[in-house]
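Enquirer: Below: one structure in structure tokens.
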Amino acid sequence: MSATESSMSIARTAAKAASDKLAEDIVAIDVSERLAITDIFLIASASNERQVNAIVDGIEEELAKEGLKPVRREGRSEGRWVLLDYATVVVHVQHEEDRVFYALERLWKDCPSVDLQLPDTESASGQE
């Protein structure tokens, strides 16, 4: 089983919002085969805490327009690694240093990437 169309739509909306706020290295990983609790991990990064929080704000604003609110939000006060849990999509916005250290893409390298359909094909392709 792979990620649902609904999950992919949420991930693409969040990715577009992150891109609009100048997020770097935006990647989506289909974890639905490995995890029963979610379909997609969306990962984005920024070079400083203020930018991490701006990206998070942009994602939340765009998804709120579609009537979606995160069921859980963690890490906002530190601005280093913010997790937004939308049930079927979990968004990780990380400071670039934390992203390198925790290497989520490496941990989930056996899972397929999701085409985010962003204009910049390098960001959209992720692990391809």
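The values are calculated or read from the model by the stated rules, or taken from the named source; none is laboratory data. A quick note: this is a predicted structure, and the numbers were derived from the prediction, not measured. Because the Cβ atoms are built from the backbone with ideal geometry, glycine has one as well, and the counts that use them run over all protein chains shown. Accessible surface is based on the protein model in full, side chains and every heavy atom, while ligands, DNA and RNA are left aside. Shrake-Rupley method; radii C 1.70, N 1.55, O 1.52, S 1.80 Å.
Enquirer: Applying a 10 Å radius around every beta-carbon, put 18-30, 73-85 in order of their mean neighbour count, most first.
Expert: The peptides rank, most packed first, as 18-30, 73-85.
Enquirer: How many Å² of accessible area per residue for the chain, probe 1.4 Å?
Expert: Spelled out: the 1.4 Å probe surface of the chain, per residue, equals 54 Å².
Enquirer: May I ask you to give the percent of accessible area on the stretch 80-120 that is carbon plus sulfur, with a probe radius of 1.4 Å?
Expert: Summing carbon and sulfur atoms, their accessible area is 57 percent of the total for the stretch 80-120.
Enquirer: When a/c reaches 1.5 or more, the comparison of a/b and b/c decides; with that in mind, is the stretch 55-118 rounded, prolate or oblate per its Cα gyration tensor?
Expert: Taking the square roots of the gyration eigenvalues as a ≥ b ≥ c, the stretch 55-118 is oblate.
Enquirer: Okay, next question. With the Cα gyration tensor of the chain in hand, convert its eigenvalues to equivalent ellipsoid semi-axes via √(5λ) and list them largest first in whole Å.
Expert: 19, 16, 14
Enquirer: Still on this structure, please answer the following. What Kirkwood hydrodynamic radius do you get for the stretch 1-55 when you take the inverse of the mean 1/r over all pairs of distinct Cα atoms, in Å?
Expert: Mean inverse Cα-Cα distance, inverted, gives 11.8 Å.
Enquirer: Distance check, please: which entries in LYS21/LYS69; LYS21/LYS109; LYS21/LYS65 exceed 24 angstrom between their Cα atoms?
Expert: LYS21/LYS109
Enquirer: Could you go through the stretch 99-104 in sequence order and give the Karplus-derived ³J(HN,Hα) for each residue, using 6.51 cos²θ - 1.76 cosθ + 1.60 with θ = phi - 60°, rounded to whole Hz, and x for Gly and Pro?
Expert: Listing the rounded values in order: 5, 5, 5, 7, 6, 4 Hz.
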